[in-house]
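As structure tokens, the structure follows; a few thoughts come after it.
Derivation of every value follows stated rules applied to the coordinates shown; laboratory data play no part. All figures in this text were calculated on a predicted structure; none of them were measured in a lab. In this analysis, Cβ positions are derived from the backbone assuming ideal geometry, glycine residues included, and neighbour counts consider all displayed protein chains.
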Amino acid sequence: MLRIILISIILMHGLLHLIGFYRSLSRNGVIYLRDYIPKSLGLLWLICALLFLLTGFFIIFRVRGWIYFMIAALIISQALIFLTWKESKYGSLINISILILGFLYLD
């Protein structure tokens, strides 16, 4: 059960990071964000999203070493959250949840 919850949260959080990437490419978006995101920062949002998605798939397929991808994704994610604090501060709660669940799930 813990595994399913962890996978779900990681994959959803990875998809949410795609919003930052999309916002860096478009002035108009599906949701309103106040701050402009430069394209270079948008690339970091994309890399972070891919790291989260890879982590989720690594857990699904029981690939060893998934924890390293998770930690890298969390570090980048938290740095991006600090840079866009007004819009993404609640992402810190998700990052903390992923960190706790990830270490609880360790085999």
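Among Leu44, Leu15, Leu93, the residue with the largest mean-square fluctuation in a Gaussian network model of the chain, with springs joining Cα atoms closer than 10 Å, is Leu93. Taking the Cα centre of the chain as reference, the dipole from Cβ charges on Lys and Arg (+1) and Asp and Glu (-1) amounts to some 160 debye. Since only Ser77, Phe57, Trp45 are under comparison, the one whose Cα sits farthest along the positive direction of the charge dipole of the chain, derived from C-beta charges on Lys, Arg, Asp and Glu, is Trp45. Helices meeting the span-like rule in the chain (full DSSP H runs, Cα extent of at least 30 Å along the helix axis, mean Kyte-Doolittle score of 0.5 or higher): 2-25, 39-60. Helical content alone sets the calculated 222 nm signal of the chain at -26000 deg cm²/dmol, taking -39,500 (n - 2.57) per DSSP H segment of four or more residues and averaging over every residue. Using a Debye calculation, one point per C-alpha and no hydration shell, please list log10 I(q)/I(0) for the chain at q = 0.16, 0.19, 0.20, 0.22 Å⁻¹ in order. Values, matching the q order: -0.65, -0.88, -0.96, -1.11.
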